[in-house]
Amino acid sequence: MGRVTATDRRAVLLATAGLALAAGCASSSGAVAHPVRSAGTAPALPAQLTHGPRDRPRVALTFHGDGDPATARTLLTEAEKYGARVTVLAVGAWLDAHPDLARRILDGGHDLGNHTLRHLDINAMSETEAREEITGCAERLKRLTGSVGTWFRPSRTPVASPLVTRLAQEAGYPHVLSYDVDSLDFTSPGAPVVARKVLAEIREGSVVSMHFGYADTIAALPVVLEELDRRGLAAVTTTELFS
């Protein structure tokens, strides 16, 4: 994979020019609004979270943890260069193959969560199968880090079924983490397209879905982070977004 040059970055940035005006576009996926909390009280969060508070200049970039470990390390390093913190929802089988990445993610100040054991269609599974997918990844996280992690994201679907939501809660995850901005980077449409889509839809409180393992994501990430900084939006962990 070639190194992304300043010229490449400028080309992508030019392709995203003028998107500041479109930044207020919201997803039409039925996002659940984050309730306003009173001072000194914990927020009453729904079981499935699509985005965070819309009244604070924070966003969460979330990554599906799978694929080439070199790409994962490059993306984490790139985010840290810009002072960004991200959330990684790891596939258990990926952690089996690359156990050192769990510590790398946490040592960088990022969130680490559960994206099932094998990344199959969890909503289509039986209760026993779905439970094994959730607890299998949770066990690996606990073995590697001492914790099952705070966040669970279902595999092959943005929204968990009631059964999967219940099983996740039983495994120690109070909330299912969805998103309101899908980068579609896994379709490999080209870095300008990835950056353009994210920047057209992202706004205060957004949770963005991205992936490790794709060259387009590496090229698009600096462009996205530079534009977020220009707009005054901080890329924080999901824990910080909902705190």
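Points to keep in mind about this one:
- Listed residues L95, L61, L106: farthest to the positive end of the dipole of segment 41-116 (Cβ charges): L61
- The ratio of the alpha-carbon radius of gyration of segment 117-243 to the globular-protein estimate 2.2 N^0.38 Å is 1.16.
- Radius, Kirkwood style, for segment 61-172 when every pair of distinct Cα atoms is counted (Å): 14.0
- Under 11 Å, Cβ to Cβ, from M210 - net charge with Lys/Arg +1 and Asp/Glu -1: -2
- The residues of segment 95-243 have, on average, 38 Å² of accessible surface per residue, using a 1.4 Å probe with all protein chains present.
- Accessible area of Y179 in the full protein assembly, 1.4 Å probe (Å², nearest 10): 40
The values are calculated or read from the model by the stated rules, or taken from the named source; none is laboratory data. What you are looking at is a predicted structure, and each value in this text was computed from that prediction instead of being measured. Methodologically, a virtual Cβ is constructed for each residue, glycine included, from the backbone with ideal geometry; neighbour enumeration extends over all protein chains shown. Accessible surface is based on the protein model in full, side chains and every heavy atom, while ligands, DNA and RNA are left aside. Shrake-Rupley method; radii C 1.70, N 1.55, O 1.52, S 1.80 Å.
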